[in-house]
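Step one of this worksheet: look at the structure below.
We did not get these values from a lab; they are worked out from the coordinates using the rules stated. On a predicted model such as this, the values are computed, not experimentally measured, just so you know. For neighbour counting, all protein chains shown are included, and Cβ atoms are generated from backbone atoms with ideal geometry for every residue, glycine included.
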């Protein structure tokens, strides 16, 4: 059986998903406790986007989830969370960040940045405005529990970084 260049190139592309899955599995197995904690924090943030972040006292069931209020802030939260998971997986695979950067400092920075964005979203809440023939309703949404779950996830990421630093400190 002879193989041509095209067959070899095609087999490289068809093996790519299997190799990527194997590498991901290896990286997940290589995660230490602190990296796993950071990934759990990101998972809590991602899950909180499906929970109610805001509610209006006018109607008991009128809520807005994190995805319902999606803006640049939530996009920045997701991007920072994805970068945190990427860093954790890379470090689990044996990657060491360049000298001025440390893994713990990047985790602390990511968790703090997410917490600052969430604090901004708590202050700058969306407004509910609608005008009917009978009544005009203008209310500011109140904060619900979903945004606090996201804040706890950010705290978990910061805690992972602090734990990692404490383990690596000489002495």
Sort 124, 34 by Cβ crowding within 10 Å, fewest neighbours at the top. 124, 34
How do 147, 40, 123 rank when sorted from fewest to most other Cβ atoms within 10 Å of their own Cβ? 123, 40, 147
First obtain the Kirkwood hydrodynamic radius of the range 32-168 from its Cα pairs, then insert it into the Stokes-Einstein equation at 37 °C and 0.692 mPa s, and state the resulting D in µm² per second as a whole number. 206
